[in-house]
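First the structure, in the form of structure tokens, and then the observations on it.
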Amino acid sequence: MIKTFNCGAYLIDGRDLICDEDAAVSELGSKYGITESKEEAKKNTIAYDILKNHNVSGSMEQLNIKFDKLTSHDITYVGIIQTARASGLTKFPIPYVLTNCHNSLCAVGGTINEDDHMFGLTAAKKYGGIYVPPHQAVIHQFAREMLAVCGGMILGSDSHTRYGALGTMAMGEGGPELVKQLLGQTYDISMPEVVAIFLEGEVVHGVGPQDVALAIIGEVFKSGFVKNKVMEFVGPGVSKLSADFRIGIDVMTTETTCLSSIWQTDDKIKQFYEIHGRKEDYRELKPGRVAYYDKVVKVDLSSIKPMIAMPFHPSMAYEIDFVNANLEQMLHEVEERAKVSFGDKISYSLKDKIVDGKLLVDQGIIAGCAGGGFENICAAADIMKGKFIGDDKFTMSVYPASTPIYMELLRNGVAASLLETGTILKTAFCGPCFGAGDTPANNAFSIRHSTRNFPNREGSKVQNGQISSVALMDARSIAATAANKGFLTPATEFDGTFNEYTYHFDSKIYANRVFDSKGVADENTQIQFGPNIKDWPKMVALTNNLLLKVVSEIHDPVTTTDELIPSGETSSYRSNPLGLAEFTLSRKDPEYVGRAKEVYAQEIKRRENTPFDELDLDTALAIKAILSKYPDVNCANTGIGSTIFAVKPGDGSAREQAASCQKVLGGWANIANDYATKRYRSNLINWGMLPLIIKEGELPFTNLDYVFLPDIRKEVEDKADAIKAVAVTKDGLKEFTMTLGSLTDHERRIILDGCLINYNRELANK
């Protein structure tokens, strides 16, 4: 059972959780000896202490964070380093790890993926970084094994940057936030609320970390209960979980939309550091004797059963037993959700998956930062031992999260045991998680211990009439299903024994293969470029006024970054801003790119001082209507750009390209009722785009209408509470207002300068 408490709560001695509504403060004082005020007790959380130690602002209300280490992978690091180079980078000021776990297969686009890898290697040499070659480790497993430190902070350009179980507060953000750290700048946020995730009880036989994670996500995602907050895992149940189990829960906290996570640490975490030869990086972390939390999520681990997150989101979480008992209803609901995402573009039915009253799935995958851990794979092998996946269409693949894990599986016999079942063992690779490996057949149903199951994220292309489905499950229940030849089966039906496997970390694997500069930069190294690696195009400062054409209108409840810029094979083009931009919204609104380009062509003419009446007819008519009320508008003071409307954009990946691709196509803003994550909103800001918010139900424009923002530059400078806007429609002009939400002075300056690159150039020229 999982229960949320919207009130604050005291945690006494790490065990007794007392919600505000349960007793008066005076009673708590007499019973527990509480003398601290709530504000003082808030300082006794683990999160507060770590944030305080990394904050350089002098105020714990408005934080300016400097991280200890940075990490990126081969979808993101080229753009980050290119941006930093354009801003004067000479050396990485803190350890920066460049991993190669996303475009590892080099299967698309000729040389472009390996060109990126060589860029990464030479950049690590030139600027003093660390380079992890392809297939050695997925980004987050390498960070767990080699970077995490109790009480430390790590910033990564991947949304699943989560090492809280190891005592490291880690955050996943878009590339520009890493650029700021590389240039000695800070990560600026208001002090986040801290939510206690209070664990009690003990998991039952067959239940794994993904089951616990999905149960929590299912409870808190829709309400936004922990959105942009820190999840702090405490309580007596923590000690009952192994380090690997905690890691498996922790990595999935990203799917709750929280800001970060942190766990109390103990001897099991100490042992993790000792196994990895880094015992000096461990210290015990726990709340003070009396700690106060802003909210509480109470989790009875003994009540958690094997879970499945049905397509098309991790929050669509149900007990497997419930799904099996209500198959037709559950599959019908998935089909209805597909209609919301895909409309009538494709024919989609799951009815043929019901065979003899049971759900027959097509594929099982255990992979990546969530599923590829040592204990998950060993448990799967125990369940499947002596069984066979069969010779029909069901397939099973396992990707260990690092080569050291792979090596231990070879040495202890687990690899051989899995191979005997018909399972294929592959190298460390993130591909199944984002559509670059093991893409299922059209209309296939895949069960995966990975992080996400968004529409088409598994690699199918709706624009080509393709669709397949992914459900998230724990490795144990995936193995039980595989042992049952593809029929959906919870691991609690496994009545055998889980063996206790001792893990031995082979440090020589990395020592012999990973390039580590030890922080020494070699300025004589020449960075190796490939023909696909391009500089960012020139971007201009925010003009006094803006005329925006709405070129896409999305009314899905949530729009993921995968829908804004598709993952999969398109990721190979992420070192080429204009090349990648061709894929923007391609799976959601294929007409977007053409429309955006048409608008941008008018902006280019505007910059060349082309008279308004010589622009295309649509733009000229809109400007003529605006001039009737705003006669001072001219080509020198009024920019022309595009915008999209989406109800709640930005769930999912941290990839900055979801925003930058719109920007290089001439985008100046997003208009939304809300933004799904801080990281997407930050990406918009760092690329000089206005993160506009309009009240739900108030939409005075429609697709292909114009929105005029008079005096927008002044309103940003003056920190205006309301942003004046005018809808230019076929029915005439209609005034309305929007907001920009909370912006720091730093963020306002970036928007005014047009993007972070321009901002840093301005700084350099002062």
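Read-outs throughout are calculated quantities, based only on the coordinates presented, and are distinct from any laboratory measurement. What you see is a predicted model, and the numbers here were worked out from it, not measured in a lab. With ideal geometry, Cβ positions are generated from the backbone for all residues, glycine too; neighbour counts draw on all protein chains shown.
Give the angle, between 0 and 90 degrees and rounded to the nearest 10, that separates the Cα long axis of helix 756-765 from the longest principal axis of the Cα atoms of the chain.
70
What are the ³J(HN,Hα) values, in whole Hz, obtained from phi via the Karplus relation 6.51 cos²θ - 1.76 cosθ + 1.60 with θ = phi - 60°, for each residue of the stretch 137-145 in sequence order, with x given for Gly and Pro?
For the stretch 137-145, the Karplus-derived couplings read 6, 6, 3, 7, 6, 4, 5, 5, 6 Hz, x marking Gly and Pro.
Name the long-range amide H neighbours of Leu359: under 5 Å, sequence gap of 5 or more, or other chain; modelled H, no Pro or chain starts.
Excluding prolines and chain starts, which carry no amide H, the hits are Leu488.
Can you report the principal axis dimensions of the stretch 320-499 using only the alpha carbons, biggest first, rounded to whole angstrom?
Here the Cα extents, ordered largest to smallest, are 51, 32, 25 Å.
As I understand it, the value is the acute angle between the Cα axis of helix 592-607 and the longest principal axis of the Cα atoms of the chain; what does it come to in degrees, rounded to 10?
The answer is roughly 40 degrees.
For the stretch 1-104, what is the convex hull volume of its Cα atoms per residue in Å³?
Hull volume over Cα atoms, normalised by residue count, gives 196 Å³.
Could you list log10 I(q)/I(0) for the stretch 66-188 at q = 0.11, 0.18 Å⁻¹, which the Debye formula gives when each Cα is one point scatterer?
Log-scaled intensity ratios, in q order: -0.33, -0.89.
Tell me which GluC sites (Glu not before Pro) from the stretch 579-688 have a DSSP coil assignment and no more than 13 other beta carbons within 10 Å of their own.
Values: sites: Glu582, Glu591, Glu598, Glu603, Glu608, Glu614, Glu656; in loops: Glu582, Glu591, Glu608, Glu656.
Filter output for the stretch 579-688: Glu591, Glu608.
Going out from 0 in 20 Å bins, what whole percent of all Cα-Cα distances in the chain drops into each bin?
All Cα pairs, binned at 20 Å, distribute as 17, 50, 30, 3, 0 percent.
Per DSSP helix of 4 or more residues, -39500 (n - 2.57); summed, then divided by the residues of the chain. What does that give at 222 nm, rounded to the nearest 500?
When only DSSP H runs of four or more count, the value is -9000 deg cm²/dmol.
Among DSSP beta bridges lying fully in the stretch 320-499, give the percent that are antiparallel, nearest 5.
So the antiparallel bridges in the stretch 320-499 amount to around 20 percent.
Calculate one ³J(HN,Hα) per residue across the stretch 483-491 by plugging θ = phi - 60° into the Karplus curve 6.51 cos²θ - 1.76 cosθ + 1.60, and present them in order as whole Hz with x for glycine and proline.
So the Karplus estimates, Gly and Pro as x, are 5, 9, 6, x, 7, 3, 9, x, 5 Hz.
Among Lys508, Lys268, which comes first, second and so on when ranked by fewest other beta-carbon atoms within 10 Å?
Lys508, Lys268
In the neighborhood of Val195, defined by Cβ-to-Cβ distances under 9 Å, what is the net charge if each Lys or Arg adds +1 and each Asp or Glu adds -1?
Charge balance near Val195 sits at -1.
Taking Cα pairs under 8 Å and at least six residues apart, what relative contact order does the chain come out at, in percent?
This gives 14 percent for the chain.
Hey, fewest Cβ within 10 Å first, where do Met473, Met689, Met307 land in order?
Met689, Met307, Met473
Whole Å is fine, so just give me how far the alpha carbon centre of the stretch 689-705 lies from that of the stretch 550-612.
About 18 Å separates the Cα centre of the stretch 689-705 from the one of the stretch 550-612.
Using 1/(1 + (r/R0)^6) with R0 = 60 angstrom and r between the beta carbons of Lys538 and Asp321, what's the FRET efficiency to the nearest 0.05?
0.55
Pull up all non-local amide H partners of Glu193: gap of 5 or more, or a different chain, and H-to-H distance under 5 Å with H placed in the peptide plane.
Excluding prolines and chain starts, which carry no amide H, the hits are Val230.
Which net charge results for the neighbourhood of Gly568, defined as the other residues with beta-carbon distances under 12 angstrom from its beta-carbon, given Lys and Arg at +1 and Asp and Glu at -1?
Overall, the nearby charge balance is 0.
Given that compact globular proteins tend to follow 2.2 N^0.38 Å, what is the ratio of the alpha-carbon Rg of the stretch 545-765 to that value? Don't skip to the end; give the middle numbers.
Numbers: Rg = 16.4 Å, N = 221, 2.2 N^0.38 = 17.1 Å.
Normalised by 2.2 N^0.38 Å, the Cα Rg of the stretch 545-765 equals 0.96.
Considering the options Pro537, Tyr501, Ala479, tell which one lies farthest towards the positive end of the dipole of the stretch 394-552, charges being +1 on Lys and Arg and -1 on Asp and Glu at the Cβ, about the Cα centre.
Towards the positive end, the residue furthest out is Pro537.
Against the 2.2 N^0.38 Å scaling, with N counting residues, where does the stretch 147-237 land? I'd like the Cα-based Rg ratio to two decimal places.
1.26
In degrees from 0 to 90, rounded to the nearest 10, what is the angle of the helix 112-127 Cα long axis to the longest principal axis of the chain?
90
Among DSSP bridges having both ends in the chain, what percentage is antiparallel? Round to the nearest 5.
Roughly 40 percent of the beta bridges in the chain run antiparallel, per DSSP.
Determine, from the Cβ-Cβ distance of Leu578 and Gln466 and an R0 of 30 Å, the FRET efficiency 1/(1 + (r/R0)^6), rounded to the nearest 0.05.
Working: r = 26 Å, r/R0 = 0.88.
E(calc), rounded to 0.05, equals 0.70.
Sorted from fewest to most neighbouring beta carbons within 10 Å, what does the list Thr423, Thr560 look like?
On the way: Thr423 24, Thr560 28.
By the 10 Å Cβ count, ascending: Thr423, Thr560.
Tabulate in residue order the Karplus-calculated ³J(HN,Hα) for the stretch 652-663, using 6.51 cos²θ - 1.76 cosθ + 1.60 with θ = phi - 60°, rounded to whole Hz; enter x for Gly and Pro.
x, 4, 7, 4, 5, 5, 4, 9, 5, 5, 5, 5
Quickly work out the Asn765-to-Ala722 label distance, labels modelled 7 Å from Cα along the C-beta direction, and quote it in nm with one decimal.
A separation of 3.6 nm, rounded to one decimal place.
Pull up all non-local amide H partners of Asp188: gap of 5 or more, or a different chain, and H-to-H distance under 5 Å with H placed in the peptide plane.
Those lying under 5 Å, H to H, from Asp188 are Ile65.
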